[in-house]
Amino acid sequence: MSQQELIPVLATSYNLKDYEEAYRTFDWKDVEKAFTWHETGKVNVAYEAIDRHVAEGRGDKIALLYSDDTRSESYTFAQLQNLTNRFGNVLRKYGIKKGDRVFIFMPRSPELYVAVLGALKIGAIVGPLFEAFMEAAVRDRLEDSEAVAIVTTPKLKGRVPVKELPALKHVILVGDNENIELESGEISYHSEMQHASDDLEIEWVDREDGMLLHYTSGSTGKPKGVLHVHNAMIQHYQTAKWVLDLREDDIYWCTADPGWVTGTSYGIFGPWLHGVTSVVRGGRFSPEDWYQTIEKNRVTVWYSAPTAFRMLMGAGDELIKKYDLSSLRHILSVGEPLNPEVVRWGLKVYGLRIHDNWWMTETGGQMISNYPCMPIKPGSMGKPFPGIYATIVDDQGNELPPNRMGNLAIRKGWPSMMRKIWKNPSKYEEYFRLEPWYISGDSAYKDEDGYFWFQGRVDDVINTSGERVGPFEVESKLVEHPAVAEAGVIGKPDPMRGEIIKAFIALREGYKPSEELKEEIRQFVKNGLAAHAAPREIEFRDKLPKTRSGKIMRRVLKAWELGLPTGDLSTMED
Ligand code: WTA
């Protein structure tokens, strides 16, 4: 059926000429030569992404084209070098040093990018936080990582519970200008930057030194801190070349926020390691705004996500005709399953193929992709990147033959692989329990041509609009509400968002189900955790299915929801 459908290669020129040949011969070692540290042994990803271009005479090239509803600015590599040097000096002035965790909690803006790269330049480990996080989500992450500094805005700082975070010494506020009101212990970004030197001694680090700490959700427990190291740049560089197909003259737009891994690996490092001009658009999604962004900036390579493409599809084909999108030459998608229908639609309206690719926060970089030089089977994530061995294994780690569904696994040891779960070695080891495999938590199968097909999550992790939400975090928040006795949370299939969050709730004595109460509970999660974690649907039940040991059986909730048989209930309490 859909497997037989092939969209042939459309482009006439691309960086990766022959996938099969590259898969046979490619060696990660060859990529090291692309970096100055190949000669010096000294490394810093921020140097390779910014300063190197200045040193090699490309300082006047535009690095960042930023716009939102009030600002429209561009920055050259030389300007970014100057600003990130200054910011590195600001951090040093306050005693921040190599290995310290510096968190960035602010909406997309040029200052966000300066802060990330400036902190990396002094060897700090950067923890990016999505601006929609509320206090509980911010606290969990800063507490676990023992962050010493946070860069935030006057508007967001109220969600940083400084008094409850003994390790947190510095709050750096990015206001609209230098005249902001500071409370004790707060630092003004703009006035410090004014006075800081633009000359910085970069902290040269080891390839295996920490670079980024991205928190992400699992099915149990609080979010875990996934640690990436500077060595990841090898993979960011090579995948940006062969998957994003970036070339010198490209205008590249990655729509992801740096609070998620796509917004760092491919919103910062991928393009800038190649010295490519990167577009950042602040503010919220709107189809008109997005098409305008492509038209105005003459975007050539566009990396986005299935929910966005589905929303653009929903906005209608007429709208597209109002914009000149002729600059586009390459489109990519990540984060959730990309429906074959969307791929066909993309071909019709943009005249281009949408190239799906698969990876995770933990893998740090793209692992399975569709390449411009390869036919696309709509619905498939494509084939493993050269240098990556991906396969399907059973629950004992035995490889399965083609067309058998099982655990999507990768042979461990790729350059951008996470190196640690922060302060949680046993969680880390869980991923690698079936030597020599990294077990992704996704199920998939591989067809006889070597294409991989995503089937679902093995655990209860919810993927709503491409964002990973751990049901446990939402359930924990729900039971903090005075009306909620018990709560179970599942992902409910949704045509637009992939999944939406649905909560089953048993109320405490004295509370009556009502629409008002549903809304109140929804707001409670929204204000306490994050908007994207709030259940879109709530259903009240007298009792929830639990094991005898008291664990909510999400599997049964899901079966209720989908009208499916509940399966083995032998462990359920009466
Ligand atoms: C899912 C995002 C289907 C998958 C980069 C994975 C996908 C999780 C795809 C990681 C895809 C990612 N098709 N599902 N092309 N790409 N996923 O950590 O379940 O936010 O495990 O990383 O998203 O989400 P994360």
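For a test of the definition: using alpha carbon positions, the gyration tensor, and the 1.5 limit on a/c, classify the range 291-347 as rounded, prolate or oblate. Intermediate results must be reported in sequence, preceding the final value.
Details: a/c = 1.97, a/b = 1.35, b/c = 1.46.
Oblate, since a/c reaches 1.5 and b/c is not below a/b.
In the chain, carbon and sulfur make up what percent of the accessible area (probe 1.4 Å)?
49 percent
For the pair residue 219 and residue 485, what calculated FRET efficiency results from E = 1/(1 + (r/R0)^6), where r is the Cβ-Cβ distance and R0 = 22 Å, to the nearest 0.05? Don't skip to the end; give the middle numbers.
Details: r = 22 Å, r/R0 = 0.99.
Efficiency computed from Cβ-Cβ geometry: 0.50.
With each pseudo-label sitting 7 Å past Cα toward Cβ, what's the residue 435-residue 146 distance in nm, one decimal?
Each label point lies 7 Å from its Cα, and together they span 3.1 nm.
Given a Förster distance of 25 angstrom, what is the FRET efficiency for residue 326 paired with residue 286, based on the Cβ-Cβ distance and rounded to 0.05?
Numbers: r = 21 Å, r/R0 = 0.85.
The formula returns an efficiency of 0.70 here.
Per residue, how much accessible area does the chain have with a 1.4 Å probe, in Å²?
Roughly 41 Å² per residue, with all protein chains present.
If we sort 93-105, 61-73 on the protection proxy, mean other Cβ atoms within 10 Å, highest first, what's the order?
Details: 93-105: 18.8, 61-73: 15.7.
My ranking of the peptides, most packed first, is 93-105, 61-73.
So how strong a dipole does the chain carry about its Cα centre when Lys and Arg Cβ are +1 and Asp and Glu Cβ are -1, to the nearest 20 debye?
Approximately 320 debye in magnitude.
Using packing as a proxy for protection, rank 500-510, 44-54, 465-475 so that the peptide with the highest average count of other Cβ atoms within 10 Å comes first. All intermediate terms of the calculation are to be shown ahead of the outcome.
Working: 500-510: 17.9, 44-54: 24.7, 465-475: 22.2.
Packing proxy ranking, top to bottom: 44-54, 465-475, 500-510.
Need the C-alpha centroid separation for the range 275-330 versus the range 121-136, integer Å.
If we compute the Cα centre of each part, the gap is 27 Å.
How many angstrom separate the Cα center of the range 220-245 from the Cα center of the range 404-469?
Distance between centres, Cα-based: 14 Å.
Quick one: if you stick a label point 7 Å off each Cα along the C-beta vector at residue 58 and residue 344, how many nm between them?
4.0 nm
Using Cα centres only, tell me the gap between the range 3-75 and the range 140-159 in whole Å.
When both Cα centres are located, 31 Å separates them.
What is the extension gain from residue 164 to residue 183, computed as 0.36 nm multiplied by their sequence separation minus the C-alpha to C-alpha distance, in nm to one decimal?
Fully extending the segment from residue 164 to residue 183 adds 5.2 nm.
Binned at 10 Å from 0, what are the whole-percent values of the Cα-Cα distance distribution for the chain, short to long?
Binned Cα distances yield the sequence 3, 17, 28, 28, 18, 6, 1, 0.
Work out how much length residue 71 to residue 248 would gain on full extension: take 0.36 nm times their residue separation and subtract the Cα-Cα distance, in nm to one decimal.
Gain in length upon complete extension: 61.1 nm.
Want the number for residue 21 to residue 199: 0.36 nm per residue separation, take away the alpha-carbon distance, what's left? Write out the running numbers ahead of the final one.
On the way: separation 178, 0.36 × 178 = 64.08 nm, distance 4.53 nm.
This chain segment gains 59.5 nm when fully extended.
Can you tell me which aspartates and glutamates have their Cα less than 20 Å from the Cα of residue 546? Leave out same-chain residues fewer than eight positions away.
Qualifying aspartates and glutamates at Cα under 20 Å: 459, 460, 473, 475, 480, 486, 509, 561, 568, 573, 574.
List the trypsin sites (Lys or Arg not before Pro) in the range 130-228 that DSSP assigns to loop (not H, G, I, E or B) and whose Cβ has at most 16 other Cβ atoms within 10 Å. Which are they?
Numbers: sites: 139, 141, 155, 157, 159, 163, 169, 207, 224; in loops: 155, 169, 207.
In loop regions of the range 130-228 (DSSP not H, G, I, E or B), the sparsely surrounded trypsin sites (Lys or Arg not before Pro) are 155, 169.
Consider just the alpha-carbon atoms of the range 1-53 and return their Rg together with their Dmax, both in angstrom.
In Å, with Rg to one decimal and Dmax whole: 17.7, 54.
Across the range 361-428, how many lysine pairs, 8 or more apart or on two chains, come within less than 30 Å at their alpha-carbon atoms?
Eligible lysine pairs with Cα atoms under 30 Å apart amount to 7.
Rounded, prolate or oblate: which one fits the range 444-574, using the alpha carbon gyration tensor with axes a ≥ b ≥ c (rounded when a/c is under 1.5, else prolate when a/b beats b/c, else oblate)?
Working: a/c = 2.37, a/b = 1.43, b/c = 1.65.
Here the range 444-574 falls in the oblate category.
Of 17/446; 163/222; 163/543, which ones are farther than 27 Å apart at the Cα? Don't jump to the answer; show the numbers that get you there.
Working: 17/446 23 Å; 163/222 21 Å; 163/543 39 Å.
Distance filter (> 27 Å) returns 163/543.
Given N residues in the range 49-174, what is its alpha carbon radius of gyration divided by 2.2 N^0.38 Å? Please list the in-between numbers first.
Details: Rg = 15.1 Å, N = 126, 2.2 N^0.38 = 13.8 Å.
Scaled against compact globular proteins, the figure is 1.09.
The values are calculated or read from the model by the stated rules, or taken from the named source; none is laboratory data. Note that this is a predicted model, so its numbers are computed, not measured. Virtual Cβ from ideal backbone geometry, glycine too; neighbours counted across all protein chains shown. Calculation scope for accessible area: heavy atoms of the full protein, side chains included, ligands and nucleic acids excluded. Shrake-Rupley method; radii C 1.70, N 1.55, O 1.52, S 1.80 Å.
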